[in-house]
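Heads up: the structure comes next, in structure tokens.
The values are calculated or read from the model by the stated rules, or taken from the named source; none is laboratory data. Quick caveat, the model's predicted, so the values are computed rather than measured. Every residue, glycine as well, gets a Cβ built from its backbone with ideal geometry; the counts of neighbours run over all protein chains shown. For the accessible areas, the whole protein counts, side chains as well, though only heavy atoms, and no ligand, DNA or RNA atoms are used. Shrake-Rupley method; radii C 1.70, N 1.55, O 1.52, S 1.80 Å.
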Amino acid sequence: MARYQGLGVDIKVLLEKLKSSMEKQGYKIERVLTGETSFLIEYKKGGMLAAKETLSVKGVPDDFVVSGVREDNQEAWFIIEDAILASAKNPQAFKSHTEQIPAPPTPPQPAAPVMPPQTAPPPPAPKPAQPLPTNCSRCGAPITVTQEDLIFTCRYCGFTMTVASREELKAHSMLENRLLSQQAVDAARKYMDKGIFRVGVSKDAQIIDVKLRYVPFWVCQATTNTFLKGVAGTGVMGEIHQAQEAVSDKRSSGLAKFGKLILAGAKAYAETQQKDKSPRHVSYSFSNTYIWPTLARRTMISEINYYDVPAARKIPFDVGKVPQDAEFLNIELNEEEAKAKIRTEIEAKERLIASGKVDTLETCSVNVTLGEAELVHAPVWFVHYTLKGENYVIAVDGCEGKVLGGGRPLFSIG
Ligand SMILES: [Zn+2]
């Protein structure tokens, strides 16, 4: 039995909604009895031999009771509570029967026989490892949480909770998808024809799958103060640094030999110039502000090279704005882990900026202050295609239509 208060549910509306969703779920309704403030449904699920069951609802819009449904019949409870929510004028007041507190037992009568004095109850035994939740703690829908999920979002009601504490996560935003799958394919095809590929490649590419996924990011505002000491003044050293960076960059490893030649040439040139210019020791400090996103997953998604969260388009998370057929990725990285990762990434970026300000960087200290991290689910289209027998994927941002990267062989996203 469960009691629902303050919802403003018209019992007749509830009956109609309940009947139609039960029928949709394969229940056979045998009989319906209605009263002024109540109704009763006799139903069956399964073949001829299935047992007949009864559920009844009785009360007024702001206080009614559902009874007759077995506590372990999760599916029936889910359908009922879904119909209640759908007919409620005040759905915020909704509490699932799973979170309703049973009424306290009636206090003992003063006239009761004298009881022996009670000893203090033993301390509670240490809690065993908590099993993973199987139902949403807001709407009661059946959910599938895996060991990797640290934060889980219910696909039915949008409730987002930290799995370990079962507490609601309030700072949860999203970006809306604005792209049709064809637009994602068009953006991917354009990308195939330029940059790392050659013109005309897209003609031979066969699109095999186009999938929208909501990918979670932790986003954090950061301010930095960086102090550096170094040697400046020769000017040409800067070019050597740039050449060195280009050579040490993994992506240009194919050019390493060529790069060494450039480097040698730049050094030789610098030595001839150095005679006229005297290097001087300098110190600088500078500060920056960033909105820094990092993927909230354990494994890299290699198709996403860089993601810039369009902060102006962020809206509070609304599960109704996630298309039914989109895949939804949960969070495998907690806020603390994400912040540590963001800190490291920002420090590296600041060092890079610092080294660009002098010819030789001697010391550099970076101080990063991070704000609260916020969770943002962003729509990303994954365009899968084959070319000459090889599989590739290109990722396209669903909010602004930018290509995020890809083109390399598929990894497993799961
Ligand atoms: Zn839910």
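Checking the Cα-Cα distances for LYS314/LYS402; LYS190/LYS314; LYS170/LYS321; LYS190/LYS349; LYS12/LYS89; LYS19/LYS45 against a 19 Å cut-off, the pairs over it are LYS190/LYS314; LYS190/LYS349. Over all projection directions, the Cα-based convex hull of region 2-99 averages an area of 5.6 nm². TYR307 sits among other residues whose Cβ lies under 10 Å from its own Cβ, and their net charge, with Lys and Arg +1 and Asp and Glu -1, is -1.
Of the solvent-accessible surface of region 2-99, computed with a 1.4 Å probe and all protein chains present, 52% belongs to carbon and sulfur.
The modelled label-to-label distance between GLU16 and ASN288, using points 7 Å beyond Cα along the C-beta direction, is 6.0 nm. At an R0 of 22 angstrom, the distance between the Cβ atoms of SER38 and THR134 translates into a FRET efficiency of 0.10. Partner aspartates and glutamates whose Cα lies under 17 Å from the Cα of LYS203, excluding those fewer than 8 positions away in the same chain, are identified as ASP186, ASP193, GLU390.
Estimated at the nearest 10 Å², the accessible area of THR363 is 70 Å² with a 1.4 Å probe. Estimated at the nearest 10 Å², the accessible area of MET161 is 10 Å² with a 1.4 Å probe. Largest to smallest in accessible area, the residues VAL393, VAL60, VAL366 fall in the order VAL60, VAL366, VAL393 (1.4 Å probe, all protein chains included).
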